[in-house]
1. Inside region 452-555, counting only strands (runs of 3 or more DSSP E) that do not spill past its ends, which hold 3 or more residues that are farther than 25 Å from residue 394 by Cα?
2. Go through the residues of region 462-469 one by one and say whether even a single one is surrounded by fewer than 14 Cβ atoms within 10 Å (Cβ to Cβ), free of Cβ contacts under 8 Å to residues at least 60 places away in the same chain and among the charged types (D, E, K, R).
3. Answer yes or no: is there a residue in region 82-103 that is surrounded by fewer than 18 Cβ atoms within 10 Å (Cβ to Cβ) and touching a Lys or Arg at 6+ places or on another chain (Cβ under 6 Å).
4. For region 418-443, give me each residue that is under 27 Å from residue 458 (Cα atoms), hydrophobic (A, V, I, L, M, F, W, C) and part of a helix (DSSP H, G or I).
5. Of these, 400, 440, which one is of a type in the set (Gly, Ala, Ser), under 25 Å from residue 185 (Cβ atoms) and either outside the structural domain of residue 265 (by TED's automatic domain parsing) or touching a strand residue (DSSP E or B) at 6+ places or on another chain (Cβ under 7 Å) (or both)?
6. Exactly one of these conditions fails for residue 356: (1) in a helix (DSSP H, G or I); (2) more than 30 Å from residue 464 (Cα to Cα). Give me its number.
7. What number of residues in region 102-136 are part of a strand (DSSP E or B) and within 11 Å of residue 156 (Cβ to Cβ)?
Amino acid sequence: MPSWVSAGTGIIGAVPASLENPRCAFQPLVNLNTGGVVAVEVLVHPIPDDRPGELDVDLAVLAARACAEHETLLPLHLNLLAETVATCPSGVERLHHALCDLGRRPHEVVIEVGGQLRESDYGELIDELRRLRAAGYKVAWDGGDVSLSLLLAAEVDIVKLDPRTVAGLPGQRGLAFVEAMAHFCRRTRTTLAAAGVHTTAQLKALRDSRIQLVQGDIVAPPARRPTTRISLATEDPDIIAEVPDVAELPIAAGPGVTEFLHPATMLSVEATADEVRSVLVNRPEVTSVVLVDENLCPQWTIDRNRFLLAVTGPYGHALHAKRHASRLADEPMLVATNSTAMDALHLSVSGSERRYDDVVVVDNSLRCMGIVRLSDLFRGLAEMKVEQAAALSPLTRLPGSDAVAREVDRRVVAGQIFAMCWLDVDGFKAVNDTAGFAAGDDLIRLVGRRLADAAAALRSAYVGHVGGDDFLAVVDVDDLVGFARAMLDGHYQVDGRAVTVSLATLVCANGTVPGYREVSRLLAPLKRQAKALTGSSWVLGRPGSDRVDVLRGTVAQPRRSSASAPTGR
């Protein structure tokens, strides 16, 4: 961690005369999944095109000071040139001290880095970005001038699509680029944001590409005061009318909890009830307050409604105002950043007394990263159910290959160990040819029901019907044997004729596969080996290994008569 992180200087510092009367505007960043404001960027005008490092830092200090005058608690986005960060470390240190003097902690600030940079300075920039992140700041690439080599080499938290890129939407080339960047950011666990969104067509294209953060005039134009609340409808405002049944969805399904993240309103664990009351009264959009220790680890959460009822009742102010607010707080409900929305929903509804409380999201060090609200989770999961219903197989009512692909990619990005299974009915064409297509449909429905039952029993399983007699399943390794038994031990019959199935499994450890496409490619030869066996069969392989374990089935014996044709499986 840099040595300059310890404290501020005690003074803000002098401002050059040329910058004493800047014009500042505030533009919010909005989460499309929740419709809520998650941060504010300060735009200082005029900004000279050619500005040395110290002047660039002066502009950032002025932006921070302008935001402090409005006493907003939202995370702050400040802009610095890449050249300033790379070649003027003393200026970056001065900005840090100024932010400390203004009461801004590093985790509340995002440094947006943009502009052109000489290739000879790439190493210095990467080192300085690493120092900023070690100090607790988040870092964003801002603008279209970032080279691909820098994008690959430097670890950042946010990548911002510049207005020129967004202007290409919803054109085919623009969509292709945005989808490629979205895939890159999902794989690298980076947030993708879009700036300069001006039309409804651009907004819809970004929604369809699952871009989480947007900024632009159509959402909220720059204003003289920070905007903390906006009115942004979800894709279908009425979709919340049908609240999803938690028990109907597998726990592994659904979007990540960070897609619904709101900034947490954090106060010290030593805060008094009067300090909390002041925050809640002055900020009606705040639904909870998180009391944190010196390491930003949540210790208590305060629900807005219960707290205000306690302190505004008879003698409430006299009893509580000067005493610790933690006396009126509850233990926080915590989920990790890699949790799904379903994880958070299960946690929230598990306690009847607190089923509508906000859930606190923490990182690996248990530091508070934000909160999620139950209403957003309901809406997001209801939208997911609508999307899934549109893609279900009409025969089995199971999701298709696109849904399974998203689930596989989600587990790959999360670094999970999982097993991918490909189930196939042996001799299905012969069933159709002899018993008729109606009997074939009945057989497919039976297999689909058993898959759905297995997924419901194991909870880690996510199953799909990709067409014909082919089914896919993604399960945790601990549940693999139980899943295989559920599918292979049962008897399948059509018109009194026994039917067998083949199961091919690929066990994927962290880092062994890049995504769904590679998994499907590696499963193909395993499926051929499984179908070469007699009886209901099961083979298992691993990426990067030639070893194949035959767990069910026997090797077919060659026929004595060359005239006899083998029966296809």
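1. Hits in region 452-555: 501-508, 533-541, 548-555.
2. Scanning region 462-469 turns up no residue that is surrounded by fewer than 14 Cβ atoms within 10 Å (Cβ to Cβ), free of Cβ contacts under 8 Å to residues at least 60 places away in the same chain and among the charged types (D, E, K, R).
3. Scanning region 82-103, I find no residue that is surrounded by fewer than 18 Cβ atoms within 10 Å (Cβ to Cβ) and touching a Lys or Arg at 6+ places or on another chain (Cβ under 6 Å), so the answer is no.
4. 443
5. 400
6. Condition not satisfied by residue 356: (1).
7. Qualifying residue count for the region: 4.
For every residue, the table says whether it meets (1) without any contact (Cβ under 8 Å) to a residue 24 or more places away in the chain; (2) assigned by TED's automatic domain parsing to the domain that holds residue 38; (3) part of a loop (DSSP other than H, G, I, E, B); (4) closer than 28 Å to residue 338 by Cβ.
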| site | (1), (2), (3), (4) |
| --- | --- |
| 169 | no, yes, yes, no |
| 174 | no, yes, no, no |
| 182 | no, yes, no, yes |
| 193 | no, yes, no, yes |
| 204 | no, yes, no, no |
| 207 | no, yes, no, yes |
| 211 | no, yes, yes, yes |
| 214 | no, yes, no, yes |
| 226 | no, yes, yes, no |
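The values are calculated or read from the model by the stated rules, or taken from the named source; none is laboratory data. This is a predicted model, so every value here is computed, not measured. Cβ: placed from backbone, ideal geometry, glycine included. Neighbour counts: every protein chain shown.
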